[in-house]
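Enquirer: A single structure is presented below for examination.
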């Protein structure tokens, strides 16, 4: 049984470390919202103030819970006489696993609605939150990065900028960049005079793309492609975490029987 104790403690050390990381990052983001910019552009997907706040507090709550689970597992698995902690650990982890399976089922059932919500969230960002190519706020910087990196414009397409608070034309970060250029400056734009002219021309009445210097597809498609490309990694991480949790449940049952 010594081996089981060791494996159980090691498993929960992973929980403890992961929970502590999530808790720390969540508190960091709650105290300093500008820190969100350091976490990358993809996080902008529909990330309005309310959703940002909810996401941060969910991260803090989940981090604290996983941190607690790891702590209970480490203490409960280190020696005899810790049956109460093992039972509490077992109950909490069982609830987490049940909720995770419910969440997976709900995501599968409502996947279409979730996609629509993300697309509409992105559109709202473009039309009401985007401030410009040189703006330093998190949402604008994220959009500029996405549009340059994923070669996209707006949520659906470049026409999303019509009647936006930014203006009636897409930003220059929607312009096609010279090969090998990252688009850090407007001078990186391919055929800049042509793109500048296209940005102020009337848009096609039927919404079809006819210009050559603006990216034709929206960033929702770029985000979807990014998720699809990394889906194997995402699924692997999720399955790995659930597998560790189930392993912890098995070990806790064996240790409770021992005690």
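Enquirer: How much length would be gained if the chain were fully extended between residue 241 and residue 25, taking 0.36 nm per residue of separation minus their Cα-Cα distance, in nm to one decimal?
Expert: On the way: separation 216, 0.36 × 216 = 77.76 nm, distance 1.88 nm.
Answer, rounded to one decimal: 75.9 nm.
Enquirer: Can you put 57, 89, 130 in order of Cβ neighbours within 10 angstrom, beginning with the fewest? Don't skip to the end; give the middle numbers.
Expert: Values: 57 13, 89 30, 130 26.
Taking fewest neighbouring Cβ atoms as first place, the list is 57, 130, 89.
Enquirer: Starting from the Cα of residue 108, step 7 Å along the direction of its Cβ; do the same at residue 14; then give the gap between the two resulting points in nm.
Expert: The two pseudo-label positions are separated by 2.3 nm.
Enquirer: Same structure, new question: Quick one: if you stick a label point 7 Å off each Cα along the C-beta vector at residue 229 and residue 64, how many nm between them?
Expert: The two pseudo-label positions are separated by 3.7 nm.
Enquirer: Next question, about the same structure. Please state the relative contact order of region 118-224 as a whole percent: Cα pairs under 8 Å, 6+ residues apart?
Expert: On the way: 168 pairs, mean separation 33.1, N = 107.
About 31 percent, as a whole number.
Enquirer: Given labels modelled 7 Å from the Cα in the Cβ direction, how far is it in nm from residue 163 to residue 256?
Expert: Here the modelled spin labels are 5.9 nm apart.
Enquirer: Tell me, 135, 84 in order of fewest to most beta-carbon neighbours within 10 Å?
Expert: Fewest-to-most Cβ neighbours within 10 Å comes out as 84, 135.
Computed from the coordinates by the stated procedures, all read-outs in this text should not be read as laboratory data. Remember, predicted model here, so these are calculated numbers, not experimental data. Glycine gets a Cβ as well: all are built from the backbone with ideal geometry, and neighbour counts include every protein chain shown.
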